[in-house]
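Everything below concerns the one structure shown next.
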Amino acid sequence: MAIAAAASALEKGEIARRLSEARARTLDLVAPLTDEQLNRVYSPLLSPLAWDLGHIANFEELWLVQRVGDREPLRGELGRLYDAIENPRVTRNELPILRGDELRAYMDGVRARTLHVLEDVDLDDPSRPLLRDGFIYEMLIAHEHQHGETMLQLLQMVEDYEPVARNDGPELEPAAGGPEMVRIEGGSYEIGHNGGGFAYDNERGRHTVSLEPFWIDRTPVTNGAFAEFVADTGAEPPRYWEPDGAGGWTRTVMGSTEKVDPQLPVIHVDHSQAEAFAGWAGKRLPTEQEWEAAATGADRERANLDQISFGCAAAGAYADGAAASGAVQMLGDVWEWTSSDFAPYPGFEPFPYPEYSEVFFGPRHKVLRGGSWATRRNVARITFRNWDLPERSQIFSGLRCVKEDT
Ligand SMILES: [Fe+2]
């Protein structure tokens with residue numbers, strides 16, 4: 001009994017530490033911004049950052065204070081303002097959301113109550129599936145991490161954004177050479193989360209699929225290759241590219257304009273651009289099952305993840321984090337579009353609520369895999385399924401192609 005109590009106490013300390021680490025990153029991302037910038041609408045595709053901040057706190061209050069702790073909310077009227085499904089992004093700035101000091105006080109107030117509930121809660125209560133293996137805390141930490149990535153989408157549009165901290169590691173990573181494509185054996189592959197540790201409902205249940213042999217690009221598609229495709233076909237260039245007047249391209253993010261680097265993975269392309277590129281190259285996009293089979297063994301500790309690189313590493317970098325197939329950068333750098341619609345796996349059960357995954361299933365959303373430089377390391381895993389509308393390109397999306405084994 002004493003041992004069990006000690007183990008739980010340690011776990012609670014770790015949960016509190018990780019909640020606080022997630023919050024520190026959120027606040028670092030917005031620290032360089034004025035209140036006016038936090039409340040400005042930069043794009044109809046993205047919420048003002050003040051909405052994201054209020055939503056992060058409100059979602060935490062809903063799950064970690066109200067549901068886990070059975071407490072009344074601090075500000076019951078806020079729930080409807082911060083419901084992501086009820087409030088499309090384009091309307092969010094018109095809402096009477098919290099701003100300025102009131103917003104910061106709410107975030108702090110909720111967090112204090114969360115920690116209070118955490119002290120009291122019995123994490124080992126077998127009658128509460130939400131608490132099993134710390135699920136609900138893992139989900140809330142991941143939620144805050146994932147909103148950081150959404151906020152970084154907007155920060156690409158903020159002029160003169162100067163990060164609090166920047167890690168130049170990826171720029172220093174040597175890019176390894178190798179074949180253009182690697183071969184994946186045909187056969188049976190286990191797809192989906194294997195049951196240990198945290199995963200979302202849509203990653204379960206693990207199931208077997210049978211794949212024909214195929215070839216997959218060893219690295220993500222580069223800016224150089226994409227520029228050739230644009231020159232050859234007149235296709236739309238990636239978001240943030242502008243002609244440089246001399247037949248090349250520049251790219252402007254966070255107010256800084258640079259020549260497009262042909263060695264870096266292409267980023268900010270939508271699904272139809274990705275599909276058109278693949279067709280032009282005589283290839284196609286992978287299914288998400290093919291992607292996951294090719295990614296087996298990729299090491300997230302050796303990948304360009306965790307946000308503060310503020311950009312991609314050269315295609316071919318992080319060769320020591322390669323998947324067993326030899327494909328590199330399956331994790332990190334860019335989310336990779338697949339040809340798959342977002343659909344439930346066999347035996348899917350919504351948990352903890354249908355609005356996480358189930359309401360998005362169907363042909364409207366395409367699956368992206370692998371995480372980007374803007375994804376926290378803790379969130380990235382080879383079974384993680386991201387989904388988005390195919391027309392989206394403000395997300396950190398790129399691609400790699402496959403072809404049949406002939
Ligand atoms: Fe959210």
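The values are calculated or read from the model by the stated rules, or taken from the named source; none is laboratory data. In this text, all values refer to a predicted model and were calculated from it rather than measured experimentally. Don't worry about glycine lacking a Cβ; one is built from the backbone with ideal geometry, like all the others, and counts go over all protein chains shown. For accessibility, only protein heavy atoms count, side chains too; no ligands or nucleic acids. Shrake-Rupley method; radii C 1.70, N 1.55, O 1.52, S 1.80 Å.
Summing Cβ point charges (Lys, Arg +1; Asp, Glu -1) relative to the Cα centre of the chain gives a dipole of roughly 160 debye. Solvent-accessible area assigned to carbon and sulfur over region 24-71 amounts to 51 percent, based on a 1.4 Å probe. Sites listed here are GluC sites (Glu not before Pro) in region 10-107 whose DSSP assignment is loop and whose Cβ has at most 16 other Cβ atoms within 10 Å: GLU86.
Stretching SER256 away from ALA235 to a fully extended chain increases their span by 5.1 nm, per 0.36 nm per residue minus the current alpha-carbon distance.
Farthest toward the positive end of the dipole of the chain, out of GLY279, HIS116, GLY178, is the Cα of HIS116, where the dipole comes from beta carbon charges about the Cα centre. For a Förster distance of 30 Å, can you work out the FRET efficiency between the beta-carbons of GLU185 and ASP299, rounded to the nearest 0.05? Efficiency, from the Cβ-Cβ distance: 0.90.
In a fully extended conformation the segment linking GLU228 and GLU159 would gain 21.9 nm over its present Cα-Cα distance, using 0.36 nm per residue.
With K and R counted +1 and D and E -1, the other residues having a Cβ less than 10 Å from that of ARG302 yield a net charge of -3.
The share of accessible area on region 290-406 that comes from carbon and sulfur is 51 percent, using a 1.4 angstrom probe. Straight Cα distances below 25 angstrom link LYS12 to none of the lysines, with same-chain residues fewer than 8 positions distant left out. Per-residue Karplus couplings for region 217-222, computed as 6.51 cos²θ - 1.76 cosθ + 1.60 with θ equal to phi - 60°, are listed in order as 3, 5, 10, x, 4, 8 Hz, Gly and Pro entered as x. Bridging of LYS403 to aspartates and glutamates at a Cα separation below 18 Å is possible for GLU180, GLU185, GLU212, ASP217, GLU275, GLU288, GLU290, GLU292, GLU336, once same-chain residues fewer than 8 apart are set aside. Cα centroids of region 63-131 and region 144-206: 27 Å apart.
3J(HN,Hα) along region 312-326, derived from phi through the Karplus expression 6.51 cos²θ - 1.76 cosθ + 1.60 where θ = phi - 60°, amounts to 8, 8, 4, 4, x, 6, 6, 4, 7, x, 4, 5, 4, 6, x Hz, with x in place of Gly and Pro. Rounded to the nearest 20 debye, the dipole magnitude of region 280-374 is 340 debye, with +1 charges on Lys and Arg beta carbons, -1 on Asp and Glu beta carbons, and the Cα centre as origin. In this structure the chain gives 43 Å² per residue of accessible area when probed at 1.4 Å with all protein chains present. Taking amide H atoms as placed 1.01 Å from N in the peptide plane, the amide H of MET181 lies under 5 Å from those of ARG218, each 5 or more residues away in sequence or on another chain.
Candidate membrane-span-like segments in the chain, meaning DSSP H helices with Cα atoms spread over at least 20 Å of their own axis and a Kyte-Doolittle mean of -0.5 or above, are 2-30, 135-155, with no membrane implied. Taking Lys and Arg as +1 and Asp and Glu as -1, the other residues whose beta-carbon sits under 14 Å from that of SER20 total 0. Amide H contacts under 5 Å for GLY371: GLY332, GLU336, restricted to partners 5 or more places along the chain or on a different chain, H placed in the peptide plane at 1.01 Å from N. Based on C-alpha pairs under 8 angstrom that are at least 6 apart in sequence, the chain has a relative contact order of 17 percent.
Segment HIS116..GLU36, full-extension length gain: 25.5 nm, with 0.36 nm per residue of separation and the alpha-carbon distance subtracted.
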